Structures are given as structure tokens and as C-alpha cells.
Amino acid sequence: MPEESSSETPASAAASQPASLSTSLAEPAFSNLDDLAARDPRAFLERVASRCSDLPDYTLRFTRTERRGLIPRLEGPEHIEVWFRRRPFSLRMKWLNEDLKFGESVYVEGRHDNMVRFVTRWWSPPLAPPPAINRVDLLTPVLLGESKRPLTDFGLEKTMARILATLDKAGSGATLSYLGVVERETGGPRVHHIRVEYAPTGGKAPSQDLYFHLGSGLPAGAVLRTAVGQLDAAYAYDDIRPDVGLRDEDFLLEVERGAAASKPADAPATMPAAAAKRPDGAGTLDSP
């Protein structure tokens, strides 16, 4: 894994997804890892972190809603197809929302001067118009309020490492509670629900709801709230496919791979602009 009181209430589902991205609601049989979540949430988190650190690569569908910007406001949900490789650190993201400026971005550690490379959907000065490739350093999206963290902070392993590091730092000031198998506030299949509550020490998100997929135990998402209950961020990780053997070619932008490779037969459908509801129920993507 911000201000004033708010009555924001997460929607019971993130709304319809493209058919090819739908997540099965069938629940896997419980494993020893599932039992551990209820018996010892801290040990469960450590086991999940260890498993995530063993994943060499994976693909997943990432849903992101964040309070950000120079004047903080909720942005999203963004629906993003993700390709991740641990070594060298490589990350490609493809936005599925038709009404968002960004089309695709890629970062590969040690290449292209360690710059993030991306293509927009339409011309947005001063950026180069598509299909031209833009380049920025890792911190630029954070400084411009387009992301809470740099791309190099992304990944299941780093998410779990941050959770455990924050728990260690808080010590007795953190409370872990296992709340059972539930439906996420952002929708999707039923998952393990662990709540972390921190003592009010000035942190932006003292209440954190963590979700983990049944069977695999892999992270399924998180909802972070401020001390007054205001939604700060909501994330979901779905359709996680580990150890798929990603290669250098998988971390090229579509414009680099050529028109023939830009729309493979099994490519995910495009997310309709008005298909998704925000986790706080604030409206569709085109109604802030």
C-alpha cells in the first residue's frame, strides 16, 4: 500500500467490466494459508509478503482511485492492464478508460536513461501528440499530482513490504483485525479482509482495509481512509497471472511493436468511458 468530514460510502461494486476482463466469482477451496489469515493475521501478512517476493513476473488488472493533485480531489477509478517483471524492474501499464489522457506507459530499469516513456490518447500540449513517445523522469507524475507514488514503487512485493514496515514502525500503536471473507468495497470476488488501525499520530490514512485473494493469498486490494473517514485511496488487483515468462518484447509500447501487434486476438476489450463507478459512489468517470 488525506481533511474535512465526508459522508463518502464505497459502492458495493466497481461496476461492469469488459467481458474479457471479468473475474470469476467461483471461490477456490480453502488452504492452510487461508486458515492462517483468521488465526494469525500478522503471520499471514508475512507469508504473503514472502510469496510475493518469489514472483519473477506477472500480469494483472489494476483499478486505482486516489485523492491527489495540487488541489487534492478523488481521481478515478482508472482501469489499467499491467505487465510486471521483477528483474530488471520492468513495468508496462495500459489504461482501458477511453476518456483518460494516458494510453500506455512503460519503464525498464537501466534503459532509456531510466525515464518513463508514454503515449497519450490525444494531443495534450505541451506533450507530443500520439503516436509520438513522451519521456519524463520517475518523479514527474508524482510532482504533477498524477500519481501518489513513482512507478518504481509499484508491485505486489513492494506493497507488502510497505505494509509490514509501517506495522513494524507503529509497534503497539497498530491493531490488526481479521474481519472474515467478504466482498470488497470495490467489487469483484470474495476475499479475506484484514483491517489495520493506527494510533492517531498525524498519518494520512490511519484506517486501512486490506484484501487478499482466497487460495493464493495474493493481495486483492486496499481501501485507505483519513482520520475523519474520508476516502484517500482505493486499489484492486484482479486476474493475477504469475510466472508467465515475460520477455523484453513485452515491455515495448504498442507503437514500437507495430500495427500488427497492437491489437492481438486476445487483447482486452476497451473500458467504456461511463462504465465504472468510483469506490466512494461519487459518480461515473465523466462526472467528478
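Bear in mind these aren't lab numbers, they're just calculated from the coordinates by the rules spelled out. Quick caveat: nothing in here was measured; it's all calculated off a predicted structure. Cβ coordinates were reconstructed from backbone atoms using ideal geometry, including for glycine residues, and neighbour counts include every protein chain displayed.
Below are the figures for this structure:
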read-out: Rg to Rh, two decimals, where region 28-258 supplies the alpha carbon set and Rh follows Kirkwood; value: 0.97
read-out: Cleavage-rule hits, GluC sites (Glu not before Pro), region 37-81, DSSP coil, Cβ neighbours within 10 Å at most 10; value: none
read-out: Bins of 10 Å from zero: percent of alpha-carbon pairs in region 77-157; value: 18, 54, 27, 2
